[in-house]
Amino acid sequence: MSSPKSPRLPEPDRPWLMRTYAGHSDARRSNELYRRNLEKGQTGLSVAFDLPTQTGYDPDHELARGEVGKVGVSIAHLGDMRSLLHGIPLEKMNTSMTINATAAWLLALYVVAAQEQGVAQDKLQGTTQNDILKEYLSRGTYSFPPGPSMRLIADTIAHAVTHIPKWNPINICSYHLQEAGATPVQEIAYSICNAIAVLDAVRERLSTSRGDHGEDVMDRVFGRISFFVNAGVRFVEEHAKLRAMAQLWDELGRERYGVGEERHRRFRYGVQVNSLGLTESQPENNVYRIALEALAVTLGRSARARAIQLPAWNEALGLPRPWDQQWSLRLQQILAYETDLLEYSDIFDGSRVMDGLVAQLVEGAREEMSRVAELGGAVEAVDYMKGALVASHRERLRKIENGEQVVVGMNRFTQSEPSPLVAGADGGILVVDPAVERECRAAVRRWRDQRDPDAVARALEELARVARDEHENLMPATIAAARAGVTTGEWAQALREVFGEYRAPTGVGEAAALPAEGLVELREEVERISEALGRRMKLLVGKPGLDGHSNGAEQIAVRARDAGMDVIYEGIRLTPSQIATSAAQEGVHVVGLSILSGSHRELIPAVLEALRASGADQVPVVVGGIIPDADAASLRAAGVAAVYTPKDWDLNRMIADIIALVAQRNGIAATVSG
Amino acid sequence: MNGPPIGSAELAARLRERDTTVAPAVLNLLESRSPAMRAQAEAMVRATSPAALGAEAGAHLIGITGPPGVGKSSLLSQLLAAWRQRDRSVAVLAVDPTSRRSGGALLGDRARIDVDPADRAVFVRSTATSGRLGGLAAPTRAAASALAVAFDVVVIETVGVGQSETEVADVADTVAVVVQPGSGDVLQFLKAGIMEIPDVLVVAKADLGAAARRSLADLGATLHSLHAADTALVAVSSIPPPTGIDELIAALDAHRASLDISARRLHARRMQALADFASEHGERGLRAVGGHRGAERYLAEQDRGLDVPALVRLLEERAGG
Ligand code: B12
Ligand SMILES: Nc1nc2c(ncn2[C@@H]2O[C@H](COP(=O)(O)OP(=O)(O)OP(=O)(O)O)[C@@H](O)[C@H]2O)c(=O)[nH]1
Ligand SMILES: [Mg+2]
């Protein structure tokens, strides 16, 4: 066997947890999918919820329109959770739930459903994402203002460390920061700052709330905090990033929270690799990108992922089908079982390049962390961080546009044979049956009819009472509500009434204007057309529905401003009538809508209708986002002037189109004459 | 855009009937720089002037000003809800800075102001400064006067301004200055006399606790030492649960009740005429009417009933003659 000098480990390491981020339609269909995935060798579950569940609305709520069961499974009550987990051995399963604003609620449903299966809380393993600050910064499924949200998080953590000790009650996410454009330094710095905000909130809450939490409670809390990170295609630096995070995390535990035991300070993370860089153009190339990104989180033993889920080749086209996800799972299995990756101790140990990279990243992160600290910590610095992310993303796109950053098949080497992968009748993606929404609506009504109304009313009253009492933990009342048959929307509504609601900053106002690079002609054209219009060309960028994908809208808004337009952008999660009202009141010349969550078929016609109702029906509308070709045609037929998708990566070209559209609709000659 | 333009006479008539739905068209017209539109705009201003109405427009004209990011828009959002509860119709004119480099602007206030799209008695319009100093956009004054005919409350949110850009004081009946807790700027400006004492001082972000309480105390002491102890001083929080909003509304109402409205509006019209004249004819034009001071003195001698276009014309004649 191996001699002491051998670079090999005496035993190969156990592979990481292998998951597939999955779920759609209703609980029953998702349960079938999970069981099939487990049979294929998947070792953990990763639940994708639909947007109404994530933001706290029942399937029959007005805001849920077009979104039910689309991008994840709809879970409206205990009955749904039972079906979702049916036949899955929860005492052995490790379940990750991507759930944030409503994390306490979904955890409660999980706990009760497990109990009914005969599995006690202290046996449960898994993760609730539960990181609200990154929802404000990137992901968009927030519900309550920062203060009460931090309390909810602190309450779930305080509850979990004593009652569900093997559960990770929070996953601090850097993943979504990179997806919103963060540089490696920003990804490290902001996620650690977010972790500090959470830990401080828990510490404060433990000291002021009732109940005995035990001696070493902060050690245990620290030890239960895991991360959910990203890894881009620059996989060497990305690996260094993870080592840098591990170093900073250990240091934070020691210095700020006095965590004595080394095992509690270990940097534990799960990962979904970068999806922002996956392209619509030549989508087959994405498979290589995903493989290289997977190396970033597996190569070095001392900073290796505990759990991995990979996107699929068709990421930028639409939702993956089971086969697409299987293809990505196989990549993990090849990496773990065919290669020799798991046979060695840390292969970067002693590498000057790696150590140098780590040192650089740590230094950069410290600087950025102190900036956030000066602003009063992550909660206070949300506006600042959001602005910084938008600025970084703008820089990323600028480099792609001018060719500094090569994206094979998109801005270079674009010649291609037709791809057989997208030739099928389904266009290579999963489309959720529109009947699901109707079924889910009917089902939640049936559920409400069958439960004990008094028990529900009492549970909701108790929940509201506890919410008003800052010294009490919200988890017990939440678990009681789950048991009483309360619905997701009712739980969230009770809290909205006490806590109020919140709109996150857009980050676009802070972005300084770009230098003229490539913009001179656009600016001149905007000036000329504005002169002819009588006032400056004005654009409204709108995000209808629950969709939180803001990158595209933000970058279009900023670029239009840089081209000289006046721009209204009010952020995510607006109703069609809010958008139409803004368009009419603001007297805009053109409306640009952005939808990536797949609800365009319902929401775009609704916006057009609302514009008609507000008397702004002459205003031309363009649409961008994840819009399959077949839908683009029907949107154009409904009156949309143009449809853009990720393959339209040249922002200036789209802006030029928009300027020309405004000119044409107002009878102004499109090119400069004389 | 938005349908065939409605003629100025009809716009004026509908404003006089307090039809709030013409507000977008009114703004489209007033923002336009095309000569034909400007003639129409002037006609509309005339037809809604106090001379034409036979009285000052009834709205309460309120200016909200203060440094960038202090919480002006968030506060407006809360005020708006509270005014609607009192059944008052509200128009908001939000002014944002234009980027010098590109000429464009991101109009960000609206994102912080919650509007019920079904509520026709609320109107929010964002306008960029187009490089103008002073905190307002070129059409803001005229828009405020026109909308004051149809709405109960017209609020102007200025760009986040420093101490020297308080043009809004010439337009509004009541000016509220919003102060960042823990920042001594306003205090210093007041003490040094750089800034005029506002009608209402608002300490924002009261939920931040100690810093807000300290600012409140410091400002109170300063007002006292400046013999302005009756200036209203209110602390508000605009994030849920909002606090201080009713108190602020009471302070705004009390100030309005104490005003000689016709004197204040007369002053506002004269200042607007001067501003319009200056933006049209520049420094040289101003010199020709005896500078700012000289022009103000000259305007003060004119008939109280004259509307803004007429006053501008008088200035132009004087400069030309
Ligand atoms: C980044 C990303 C995220 C980020 C978003 C960060 C942010 N603040 O924007 C994060 C990680 C938070 C995220 C989360 C989710 N995501 Co996501 N995400 C992506 C990803 C990888 C890239 C999107 C992107 O930002 N691209 C960069 C920007 C600049 O490009 P763009 O928006 O496409 O815009 C371009 C054009 O489309 C066009 N355009 C877009 N809008 C407009 C508007 C106008 C006016 C004009 C002129 C042009 C225009 O111009 C832009 C420039 O090229 C896509 C897949 C992909 N590669 O496209 C999935 C994707 C959009 N996500 C998806 C899903 C399902 C989710 C989740 C809903 C998952 C879940 N169940 O929770 C969550 C929740 C998000 C929410 N609240 O809605 C799905 C949507 C599936 C569908 N439509 O059927 C996708 C397609 C991935 C997939 N295949 O499953 N996501
Ligand atoms: N804690 C707290 N934050 C607030 C309050 N009011 C506003 N804010 C925050 O302060 C930031 C700026 O708020 P805005 O309302 O946009 O401020 P503004 O003065 O209108 O900003 P500009 O128009 O850009 O000058 C946002 O992040 C708000 O959420 C408050 O009462 N308490
Ligand atoms: Mg503002």
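Which members of the stretch A:606-650 meet the condition of being part of a helix (DSSP H, G or I), touching a residue at least 40 places away in the same chain (Cβ under 8 Å) and within 14 Å of chain B (Cβ to nearest Cβ)?
Result: A:606, A:607.
Any residue that is touching a helix residue (DSSP H, G or I) at 6+ places or on another chain (Cβ under 9 Å), in the same structural domain as residue B:250 (by TED's automatic domain parsing), within 16 Å of ligand 3 (Cβ to nearest atom) and among the small types (Gly, Ala, Ser) - is there at least one of those in the stretch B:113-125? Looking for residues that are touching a helix residue (DSSP H, G or I) at 6+ places or on another chain (Cβ under 9 Å), in the same structural domain as residue B:250 (by TED's automatic domain parsing), within 16 Å of ligand 3 (Cβ to nearest atom) and among the small types (Gly, Ala, Ser), one finds none in the stretch B:113-125, hence no. The residues in the stretch B:62-87 that are touching a helix residue (DSSP H, G or I) at 6+ places or on another chain (Cβ under 9 Å), on the phi < 0 side of the Ramachandran plot, outside any helix (DSSP H, G or I) and open to solvent by 10 Å² or more (accessible area, probe 1.4 Å) can be counted, and the count is 2. There is at least one residue in the stretch A:195-207 that is in a helix (DSSP H, G or I), open to solvent by 10 Å² or more (accessible area, probe 1.4 Å) and without any contact (Cβ under 8 Å) to a residue 12 or more places away in the chain.
Does residue B:91 qualify as being modelled with pLDDT of 95 or more and within 16 Å of ligand 1 (Cβ to nearest atom)?
no
Residue A:67 meets each of the listed conditions (1) in contact (Cβ under 8 Å) with a residue 60 or more places away in the chain; (2) open to solvent by 20 Å² or more (accessible area, probe 1.4 Å) apart from (2). Taking the listed residues A:673, A:634, the one that is of a type outside the set (Val, Ile, Thr), over 24 Å from the mean Cα position of the chain (by Cα), at pLDDT below 95 and open to solvent by 40 Å² or more (accessible area, probe 1.4 Å) is A:673, with no other qualifying. When the stretch B:30-70 is filtered for residues that are in contact with a strand residue (DSSP E or B) (Cβ under 6 Å, 6 or more places away or on another chain) and either within 14 Å of another protein chain (Cβ to nearest Cβ) or within 16 Å of ligand 1 (Cβ to nearest atom) (or both), only B:70 remains.
Restricting attention to the stretch A:282-290, does a residue exist that is closer than 30 Å to residue A:420 by Cβ and hydroxyl-bearing (Ser, Thr, Tyr)? Within the stretch A:282-290, one or more residues are closer than 30 Å to residue A:420 by Cβ and hydroxyl-bearing (Ser, Thr, Tyr). Of the residues making up the stretch B:238-271, just one is within 16 Å of ligand 3 (Cβ to nearest atom) and touching an Asp or Glu at 6+ places or on another chain (Cβ under 7 Å), namely B:239.
Every residue, every condition in (1) within 12 Å of another protein chain (Cβ to nearest Cβ); (2) open to solvent by 20 Å² or more (accessible area, probe 1.4 Å); (3) among the hydroxyl-bearing types (Ser, Thr, Tyr), yes or no:
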site	(1), (2), (3)
A:510	yes, yes, no
A:542	yes, no, no
A:558	yes, no, no
A:569	yes, no, yes
A:578	yes, yes, no
A:583	yes, no, no
A:588	yes, no, no
A:600	no, no, no
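Taking the numbered list (1) assigned to a helix (DSSP H, G or I); (2) within 16 Å of ligand 2 (Cβ to nearest atom) in turn, residue A:357 passes all entries but (2). In the set (1) part of a helix (DSSP H, G or I); (2) within 14 Å of another protein chain (Cβ to nearest Cβ), residue A:491 fails one condition alone, (2).
Scanning the stretch A:434-463 for residues that are under 20 Å from residue A:500 (Cβ atoms) and surrounded by fewer than 16 Cβ atoms within 10 Å (Cβ to Cβ) yields one hit, A:461. Looking across the stretch A:26-69, the residues that are in a helix (DSSP H, G or I) and either within 16 Å of ligand 2 (Cβ to nearest atom) or of a type in the set (Ser, Thr, Tyr) (or both) come down to A:30, A:34, A:53, A:55. All conditions but one from (1) among the aliphatic types (A, V, I, L, M); (2) buried (at least 23 other Cβ atoms within 10 Å of the Cβ); (3) in contact with a strand residue (DSSP E or B) (Cβ under 8 Å, 6 or more places away or on another chain); (4) not in a strand (DSSP E or B) apply to residue B:115; the one that does not is (2). When the stretch B:286-321 is filtered for residues that are assigned to a helix (DSSP H, G or I), open to solvent by 30 Å² or more (accessible area, probe 1.4 Å) and under 17 Å from residue B:262 (Cα atoms), only B:300 remains.
Yes or no: the stretch B:59-68 includes at least one residue that is farther than 30 Å from residue B:257 by Cβ and within 13 Å of ligand 2 (Cβ to nearest atom). Yes, the stretch B:59-68 has at least one match. Do we find that residue A:605 is over 21 Å from residue B:96 (Cα atoms), assigned by TED's automatic domain parsing to the domain that holds residue A:534 and either open to solvent by less than 10 Å² (accessible area, probe 1.4 Å) or within 11 Å of ligand 1 (Cβ to nearest atom) (or both) in this structure? Taking the combined requirement at face value, the residue does not satisfy it. When the criteria are applied in full, residue A:404 meets the requirement of being without any contact (Cβ under 8 Å) to a residue 12 or more places away in the chain, open to solvent by 70 Å² or more (accessible area, probe 1.4 Å), in the same structural domain as residue A:138 (by TED's automatic domain parsing) and more than 30 Å from residue B:181 (Cβ to Cβ). Collect the residues in the stretch A:43-57 that are open to solvent by less than 10 Å² (accessible area, probe 1.4 Å) and of a type outside the set (Ser, Thr, Tyr), keeping them in residue-number order. Matches in the stretch A:43-57: A:44, A:45, A:47, A:48, A:49, A:50, A:52, A:54, A:56. Among the residues making up the stretch B:94-110, those that are open to solvent by less than 10 Å² (accessible area, probe 1.4 Å) and either within 11 Å of chain A (Cβ to nearest Cβ) or in contact with a Pro (Cβ under 9 Å, 6 or more places away or on another chain) (or both) are B:94, B:102, B:104, B:105, B:107, B:110. Within the stretch A:46-61, the residues that satisfy the criterion of being in contact (Cβ under 8 Å) with a residue 60 or more places away in the chain and under 23 Å from the mean Cα position of the chain (by Cα) are A:46, A:51, A:52, A:53, A:54, A:55, A:56, A:57, A:58, A:59, A:61.
The values are calculated or read from the model by the stated rules, or taken from the named source; none is laboratory data. These numbers were taken from a predicted model, which means no experiment stands behind them. Every residue, glycine as well, gets a Cβ built from its backbone with ideal geometry; the counts of neighbours run over all protein chains shown. The area values use the complete protein model at the heavy-atom level, side chains included, leaving out ligands, DNA and RNA. Shrake-Rupley method; radii C 1.70, N 1.55, O 1.52, S 1.80 Å.
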